[in-house]
1. Does Glu292 count as buried (at least 17 other Cβ atoms within 10 Å of the Cβ) and acidic (Asp, Glu)?
2. Just checking, how many residues over the range 336-349 are open to solvent by 70 Å² or more (accessible area, probe 1.4 Å) and in contact (Cβ under 8 Å) with a residue 24 or more places away in the chain?
3. Output the residues belonging to the range 430-447 that are closer than 16 Å to Asp323 by Cβ and touching a Pro at 6+ places or on another chain (Cβ under 7 Å).
4. Where the second residue is hydroxyl-bearing (Ser, Thr, Tyr) and the first is farther than 30 Å from Leu158 by Cα and lies in the range 371-389, which pairs have Cβ atoms under 7 Å and are six or more apart or on separate chains?
5. When both residues are 6+ apart or on different chains and their Cβ atoms are under 8 Å apart, which pairs have a first residue that lies in the range 99-115 and is basic (Lys, Arg), and a second that is outside any loop (DSSP other than H, G, I, E, B) and open to solvent by less than 50 Å² (accessible area, probe 1.4 Å)?
6. From Ala37, Ala63, grab the single residue that is open to solvent by less than 40 Å² (accessible area, probe 1.4 Å), without any contact (Cβ under 8 Å) to a residue 12 or more places away in the chain and not in a strand (DSSP E or B).
Amino acid sequence: MVLGASGDLTSRLLLPALAELVNRQNPSMRLLGSARADWDDDQWRSRVRKAFGKAETTPALEAIIRTTHYVKADVTASEDLDRLVRACSAGPLILYFAVAPAVAEQACRALSRIALPATTRLVMEKPFGSDAASADALNQVMTHLVPEDQIYRVDHYLGLSTVLNIFGLRFTNLMLESVLDSTHVASVDILLDESLALENRAGYYDHAGALVDMLQSHALHVLSLLAMEPPASLSARDVRDSAAAVLRATRVWGNDPVASSCRARYTAGVVGDRAVPGYVDEKGVDPARGTETFAEIVVEVNTWRWAGVPFRLRTGKALRQMDKHVVITFKGPRWVPEGLLGYERPDRMHIGLNPEVLRLDFNINGTGDLRVVDRVHMGVNLEPGDLPPYGQVLAGVLAGDPTLSVRGDQAVQTWRIVEPVLRAWREDAVPLQDYQAGSDGPTRLSVD
Ligand SMILES: O=C1O[C@H](COP(=O)(O)O)[C@@H](O)[C@H](O)[C@H]1O
């Protein structure tokens, strides 16, 4: 049951991903859509067909289109929700909240006044809450409805094949396992640069800003996988326990949100061959809000493994090029034979999230030269996953496996980590800088 069936998320991401999932795994399911729009079944079916558009037409997809129904409802009203739930057949009911966070929260409160089938699963999009206290309060409301392992707090990064790769990379290679710690690593950068600008999303983005949109959720998720201790197994409990432990140990570098954060906003410029207006001139933006389109924070992970290693999280819109990757920069060698020159550049590992590449930068001798080293790069292009990221996440929801979704305590911790920065920015303790669209953004923060 998609609540918010008439919205952008449903047609742009959810339904196309569902189509891929159905074509690959053919899960047994029935689809229902609900929203306030005054649609009938035919209108909904043609929306579904259009959204399924890119996927190959198969009998399984045709069956879904033929049997899907639309129910007009106000998802914040208990009577309407009761009617919706009754419209569903036996079997686990999955309520997917494809609505604005505030509406999802009201819907959960309304759900607490009706009887839900015991097997109901709730799927909630990011951002989950607006700070640690509201995320905690929402957790309480939701866990009164269903047990925690039937709640899926999702976003598409959780299903990105390149993000999933971090498990294999970290936990199946002795060569890496033994060097991913503060003895060997100088710094870790998680860089989520976007060339896209606002894309008509002011209604959401102007309230969220870059920090909440990308760092509080996606970047901290990537950090939790990079920094977690090896879980005993890939069970939902073990993986999420390890991720939660890392988040609990993470805080703004030096507990100083002013020195450890940077915010900026793009001005008019050219990205590739596109002229981009300044952020404040984009449709629907309220310049008085002072929303940032670029955010950078440095955090520390205070564990045995990582204490003292800066983790830099950065994202920005309308930058020169889209490049989302992790860089692990290693410390210098313990000893270099006297007379060997040019070794000063540190070894680096790039884990591409998008584009999908993995690259090692290291030093070897220049051709036929005993004394001078050269820089070489060893790389591999990674195959994109079979399923689009949302498809991967949906597969977990349909299978009843919450491993790839965020647990309630993790959601609270991610807010706790960014809250000091949000507070410092609200108080204007950190200046809002400008950067030109199409540039590389402001200069990087340096921390001691
Ligand atoms: O969740 C979001 O992610 C996209 C970036 O996704 P990606 O797969 O292209 O890395 C971002 O543009 C958007 O603002 C944000 O809400």
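1. Considered against the rule, which asks whether it is buried (at least 17 other Cβ atoms within 10 Å of the Cβ) and acidic (Asp, Glu), Glu292 comes out as yes.
2. Final tally of qualifying residues: 3.
3. Tyr435 - this is the single residue of the range 430-447 that is closer than 16 Å to Asp323 by Cβ and touching a Pro at 6+ places or on another chain (Cβ under 7 Å).
4. Val373/Tyr343
5. Arg109/Val141; Arg113/Ser78
6. Residue meeting the stated conditions: Ala63.
Table: residues versus (1) under 29 Å from Val22 (Cα atoms); (2) in contact (Cβ under 8 Å) with a residue 24 or more places away in the chain; (3) surrounded by 14 or more Cβ atoms within 10 Å (Cβ to Cβ).
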{"position": "Val309", "(1), (2), (3)": "no, yes, yes"}
{"position": "Arg334", "(1), (2), (3)": "no, no, no"}
{"position": "Ile351", "(1), (2), (3)": "no, yes, yes"}
{"position": "Leu358", "(1), (2), (3)": "no, yes, yes"}
{"position": "Asn363", "(1), (2), (3)": "no, no, yes"}
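Quick grid of which residues meet (1) without any contact (Cβ under 8 Å) to a residue 40 or more places away in the chain; (2) within 11 Å of the ligand (Cβ to nearest atom); (3) in contact with a strand residue (DSSP E or B) (Cβ under 8 Å, 6 or more places away or on another chain); (4) not in a helix (DSSP H, G or I):
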{"residue": "Gly129", "(1), (2), (3), (4)": "no, no, no, yes"}
{"residue": "Val141", "(1), (2), (3), (4)": "yes, no, no, no"}
{"residue": "His144", "(1), (2), (3), (4)": "yes, no, no, no"}
{"residue": "Leu164", "(1), (2), (3), (4)": "no, no, no, no"}
{"residue": "Ser182", "(1), (2), (3), (4)": "no, no, no, yes"}
{"residue": "Leu198", "(1), (2), (3), (4)": "no, yes, no, yes"}
{"residue": "Ala210", "(1), (2), (3), (4)": "no, yes, yes, no"}
{"residue": "Ala219", "(1), (2), (3), (4)": "no, yes, yes, no"}
{"residue": "Glu229", "(1), (2), (3), (4)": "no, no, no, yes"}
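The values are calculated or read from the model by the stated rules, or taken from the named source; none is laboratory data. Computed from a predicted structure; not experimentally measured. Here Cβ is always computed from backbone atoms with ideal geometry, including for glycine, and neighbour counts include all displayed protein chains. Protein only, heavy atoms only, side chains kept; ligands, DNA and RNA dropped before computing areas. Shrake-Rupley method; radii C 1.70, N 1.55, O 1.52, S 1.80 Å.
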